[in-house]
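Below: one structure, written as structure tokens.
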Amino acid sequence: MSAPARAPGSVLPGSAPPGSAPPENAVPSGAVARTGVTAHARIVAASGGALPVLRGEGPLALRRTRAAGPWAQVTVVGAMSAPLGGDRLRLTAEVAPGAALRVGSAAATLALPGRAPSAPATWDTVLAVGDDGELHWLPEPLISVRGSELHTATRVDLAAGARLVLREEQVLGRAGEDPGRLLARLTVLRAGRPLLDQQLAFGPGVPGWDGGAVLGGHRAVGQLLVVDPALADAPAEPVALGDTAVLTPLAGPAALVTAVAEDALVLRRLLERGAGYLSPAR
């Protein structure tokens, strides 16, 4: 997440100050150093716009922002540069029955390389929405920077009467730059049954990721998932949203907009175009 850089000059596990003998647990030359930040931020939303739990940690700072009506609104703010190689981040949000929560982020997130050699960074997002609860999960894009490796896993557990709007946007490399390696998994359960389970992989070492069957030279990829019991009575129709985007109904009261684009701005426009077809259900 774009934020102030970490303090320089810190001594990491397995390293030693200049001129001193290496410690007994020093990392051998060429080995992967298990360094990085471990942080877990948590949100719990209750009815009436209440937030009984709002706890940030490490680079994941949480801020309550203004919302109207029954909604609670939270913005994730980067308190330091993250994720870097070796970081282990976790963000959980629970929406109680009848509650409504919107979550966004203050800026795009940059996946950055850590001290070489380092382990991949991991970012787990765990979401749960109770009956008649509603969650809008709308972070800004994730940018995979050259030399980085990030594994993300998002799991959503929905009650039968829950509603969800979830957006994911990934940008592969900064302007004029090759991307890092990005593995992303999204798993959504509704009433305990699988609704969507997919895994994406891009960047160095991933076969065919930039070929015509996957991105075809595009550098931005994203999706918008809408789950709403209202779609059971009025299912979404398949719609081509241009040459590189489509709206697809899912088996269940849900629809998925997927798109690839040359940059984040065009990607957002395509996803918003797809959302327009689903606005009555939302």
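A short reminder: the numbers here are calculations on the coordinates, not readings from a lab. Computed from a prediction, not measured in an experiment: that's the story for all the values here. With ideal geometry, Cβ positions are generated from the backbone for all residues, glycine too; neighbour counts draw on all protein chains shown.
Panel order for TRP209, TRP71, TRP123, by other beta carbons found within 10 Å of each beta carbon, from fewest to most: TRP71, TRP209, TRP123.
Label zone of HIS40 (point 7 Å out along Cα→Cβ, amide N under 11 Å): in segment 91-109 this covers 91-92. Quick note on the chain: its Rg to Rh ratio, both from C-alpha atoms and Rh being the Kirkwood radius, is 1.00. The charge dipole of the chain, taken about the Cα centre with unit charges on the Cβ atoms of Lys, Arg (+1) and Asp, Glu (-1), comes to about 620 debye, rounded to the nearest 20.
Tell me what the chain gives for mean residue ellipticity at 222 nm when only DSSP H runs of n ≥ 4 count, each as -39,500 (n - 2.57), the sum divided by the residue total, rounded to 500 deg cm²/dmol.
Calculated mean residue ellipticity at 222 nm is -1500 deg cm²/dmol.
Subtracting the Cα-Cα distance of ALA240 and ARG146 from 0.36 nm times their residue separation leaves 30.6 nm of extension gain.
Ordering GLY192, ALA72, ALA160 by the projection of their Cα atoms onto the charge dipole of the chain, which places +1 on the Cβ of Lys and Arg and -1 on the Cβ of Asp and Glu, puts ALA72 at the extreme positive end. Note the angle between two axes, namely the Cα long axis of helix 264-277 and the longest principal axis of the Cα atoms of the chain, as a number of degrees from 0 to 90, rounded to the nearest 10. Helix 264-277 sits roughly 20 degrees off the main axis of the chain.
Given R0 = 35 Å, the distance between the Cβ atoms of ASP178 and ALA251 translates into a calculated FRET efficiency of 0.40. Taken along the Cα-to-beta-carbon direction at a fixed 7 Å, the label points for ALA153 and ARG66 span 4.0 nm. Entry note, segment 39-217: relative contact order of 16 percent, from Cα contacts under 8 Å with a spacing of 6+ residues. Here the simple spin-label model places points 7 Å from the Cα toward Cβ, and for ARG55 and THR187 these points are separated by 2.4 nm. Annotation: the residues VAL188, VAL37, sorted from fewest to most other C-beta atoms within 10 Å of their own C-beta, follow the order VAL37, VAL188. Would you mind telling me which residue in ALA119, ALA234, ALA245 has the biggest mean-square fluctuation in a Gaussian network model of the chain, where springs connect alpha carbons within a distance under 10 angstrom? In this elastic network of the chain, the residue with the biggest mean-square fluctuation among ALA119, ALA234, ALA245 is ALA234.
For segment 220-268, evaluate the Debye formula with one uniform point scatterer on each Cα (no solvent term) and list log10 I(q)/I(0) at q = 0.16, 0.18, 0.26 Å⁻¹, rounded to two decimals. Normalising to I(0) and taking log10 leaves -0.46, -0.55, -0.89. Between ALA232 and ALA108, the FRET efficiency estimated from the beta carbon spacing at R0 = 41 angstrom works out to 0.70.
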